[in-house]
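Since the structure comes first, as structure tokens, the remarks are kept for the end.
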Amino acid sequence: MGILVADRKFLGEIGGLDGGMKVYGGENVELGVRIWLCGGSIEIIPCSKIAHIERSHKPYMRDLSMSMKRNALRAAEIWMDEYKHNVNLAWNIPLKDHGIDIGDVSERKKLREKLNCKPFKWYLDNVYPQLVTWENLVAYGGHTYYHSTGELYIGGIKSHKYNDNRCLADSGEDSVPDLYNCKEAVQKGMGILWSFTQGKEIKNRKTGRNLGPCNQFVEEMSTA
């Protein structure tokens, strides 16, 4: 997991590795977040040298995506509080009725309470403030994300505040809207805000123009 050395006593006190994890993936993130929330820290030693010999392939199973999704959802349920839905967003998993069994998390939640660990908001404010929390996304799919303020992001969203996303913008001049970096589109005064009502058209708030059949349009944009 990239750990050169750990305090064995402290690692045992905070519960070691989560035995409820399955197959592969997620244990490094879960442990890293837990260490910070429960009184420890992870130090980066710039002058240290470590070699990592990795297998040419992972022998666990042909497709690891399901175990990685499952483990990520499990870690989020235990440690991420109101931000846990960001994992659903990252993996494009429905917020409700996703059908993925994350196992029994009651013992790990009791451990968190026993250790008096901090809330995940503390981690965002003090350890990793560069992260974007995306709590105002109201709809998402494979390549499309709709923000409550009206931005329509296409082609994925960035996880860090210093990066820019690609917004669907309507200049009113071209035959169809196009993709631009969001900050660039704002600087040029393009219409990046869209109004959407379930079952109705998606309309640009500045130009008043509607998108065509939404599914067809998004598919064309994602393959461009």
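What follows draws every value from the coordinates through simple rules; no lab data is involved. Everything numeric here is computed off the predicted structure, so don't read it as measured data. In this analysis, Cβ positions are derived from the backbone assuming ideal geometry, glycine residues included, and neighbour counts consider all displayed protein chains.
Could you work out how far apart the two model spin labels at residue 175 and residue 126 are, taking each label as a point 7 Å from the Cα in the direction of the beta carbon, and quote it in nm? Between residue 175 and residue 126, the simple spin-label model gives 5.8 nm. Rounded to the nearest 10 degrees, the inclination of helix 65-79 to the longest alpha-carbon principal axis of the chain is 80 degrees. Taking Cα extents along the principal axes in Å as calculated from this structure, the corresponding entry among [x] 44, 40, 31; [y] 65, 41, 40; [z] 49, 38, 32 is [y]. Using the Karplus relation 6.51 cos²θ - 1.76 cosθ + 1.60 with θ = phi - 60°, the per-residue 3J(HN,Hα) values for the stretch 135-145 come to 6, 9, 7, 10, 7, 7, x, x, 10, 10, 9 Hz, with x marking Gly and Pro.
Please give the contour-minus-distance gain from residue 115 to residue 195: 0.36 nm per residue of separation, less the Cα-Cα distance, rounded to one decimal in nm. Working shown, then result.
Working: separation 80, 0.36 × 80 = 28.80 nm, distance 4.59 nm.
Extending this stretch completely gives an extra 24.2 nm.
Here 196, 10 are placed in order of increasing Cβ neighbour count within 10 Å, fewest first, which gives 10, 196.
Compute the separation of the alpha-carbon centres of the stretch 115-180 and the stretch 1-39 and state it in Å as a whole number. Using only Cα atoms, the two centres lie 29 Å from each other.
Sort 176, 29 so the one with the fewest other Cβ atoms within 10 Å of its own Cβ comes first. Each step should come with its number before you reach the end.
On the way: 176 12, 29 16.
The most exposed by this proxy come first: 176, 29.
Once the Cα atoms are used to define both axes, helix 27-37 deviates from the longest principal axis of the chain by about 80 degrees.
Ranked by Cβ crowding within 10 angstrom, fewest neighbours first, how are 149, 133 ordered?
Values: 149 9, 133 14.
By the 10 Å Cβ count, ascending, the order reads 149, 133.
Whose amide H sits under 5 Å from the amide H of residue 151, counting only residues 5 or more places off or on another chain, with H placed in the peptide plane? Here the answer is 194, since their amide H atoms fall under 5 Å of that of residue 151.
Of the residues 183, 200, 22, the one that moves most in a GNM of the chain with alpha-carbon contacts below 10 Å is 200. Spin-label pair residue 149-residue 101: with each label point 7 Å from Cα along the Cα-Cβ axis, the two points sit 4.3 nm from one another. Derived scalar couplings between HN and Hα for the stretch 186-202 equal 5, 4, 8, x, 7, x, 10, 9, 10, 9, 9, 10, 3, x, 10, 6, 9 Hz in order, rounded to whole Hz, by the Karplus curve 6.51 cos²θ - 1.76 cosθ + 1.60 (θ = phi - 60°), x for Gly and Pro. With the charge dipole of the chain set up from +1 on Lys and Arg Cβ and -1 on Asp and Glu Cβ about the Cα centre, the Cα lying farthest toward the positive end among the listed residues 56, 185, 143 is that of 56. Using the Cβ-Cβ distance between residue 68 and residue 4 with R0 set to 30 Å, the FRET efficiency works out to roughly 0.80. Note on residue 29/residue 186: beta-carbon distance plugged into 1/(1 + (r/R0)^6) with R0 of 41 Å gives a FRET efficiency of 0.80.
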